[in-house]
Structure formats: C-alpha cells, structure tokens
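The values are calculated or read from the model by the stated rules, or taken from the named source; none is laboratory data. Quick caveat, the model's predicted, so the values are computed rather than measured. Quick reminder, even Gly has a Cβ in these numbers, built from the backbone with ideal geometry, and neighbours come from all protein chains shown.
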Amino acid sequence: MSITTQFLRRPLTTGAMAASSRRLARAMTQHTGLETARLVVELGPGTGVFTREILRQLPADGRLVAIELNPVLAAGLFVTHRDERLTVVKGAAAELAPAFVYRATLTTTREDTAGSGSAGPRASRSSRG
C-alpha cells in the first residue's frame with residue numbers, strides 16, 4: 001500500500017504525496033506525553049508511520065483512535081497494526097459526532113495528546129472544546 005499511489009488514485013481522500021519517515025514520527029512525538037496518555041486521536045494516519053510510533057510510546061491502558069478518510073489506507077491499518085489499543089475509524093474528522101468527543105473526554109483523567117500525521121500539537125482537556 002503506497003501513499004503515493006493512493007494520492008494519485010484518490011487525491012481528495014489522501015492528504016500526503018509521500019509517507020513520513022519513522023525518524024520524523026519519533027522526533028515529532030518525542031516529549032509529547034504519550035507515555036502517560038489514556039486517549040490519543042490521530043487524524044489522517046495514512047500508512048501508519050505515526051500510528052506505529054504512538055503505539056510504541058502509549059501505555060498498556062492507553063487507547064489510540066485513528067481516523068482515516070481513504071478506505072484503502074484505513075483497511076491497511078487494520079492489517080498492519082494488530083494492537084488491542086488501536087481503533088481505526090474510516091471516515092472524515094470533520095464528521096466526528098460531538099457526542100463521541102464529549103464521551104471520550106469523560107473517560108480521561110490525565111492530560112492527553114491529539115495530533116495528525118502532519119503535526120503533533122499538545123492539547124489539554126480544557127482546550128479541546
């Protein structure tokens with residue numbers, strides 16, 4: 001599953017022309033608090049380079065929800081990332097139900113991290129409207 005191929009075939013549902021490197025994923029997720037996060041939402045995981053690194057740092061009781069618009073890439077995440085902490089959602093981040101976000105914040109007691117394949121901003125519970 002090539003991100004470049006998916007971009008050429010489905011440019012409206014694929015946000016990158018080339019995959020990020022493992023080195024970039026490690027550098028961007030370093031010092032973000034993933035090791036203590038209970039819930040992380042990854043927007044646009046693509047081929048899962050950041051997904052793999054997030055799972056590596058996430059604690060055993062943490063959860064990662066990866067939301068991918070491209071159906072081929074979403075299906076590929078299921079195959080390549082066998083981890084009970086990972087939930088792959090095929091869909092658009094813009095269509096997330098507010099109730100889902102609200103319920104997710106009710107189950108978190110520590111500051112968590114939200115990010116995407118292109119950026120990894122740190123967000124506290126109070127700033128995640």
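In the stretch 35-48, the residues that are surrounded by fewer than 23 Cβ atoms within 10 Å (Cβ to Cβ) and part of a strand (DSSP E or B) form Cβ pairs under 7 Å with partners that are modelled with pLDDT under 90 and aliphatic (A, V, I, L, M), at six or more places apart or across chains, as follows: L39/A104; L43/A93. Residues in the stretch 14-34 that are modelled with pLDDT of 65 or more, more than 14 Å from L55 (Cα to Cα) and not in a helix (DSSP H, G or I): A19, S20, S21, H31.
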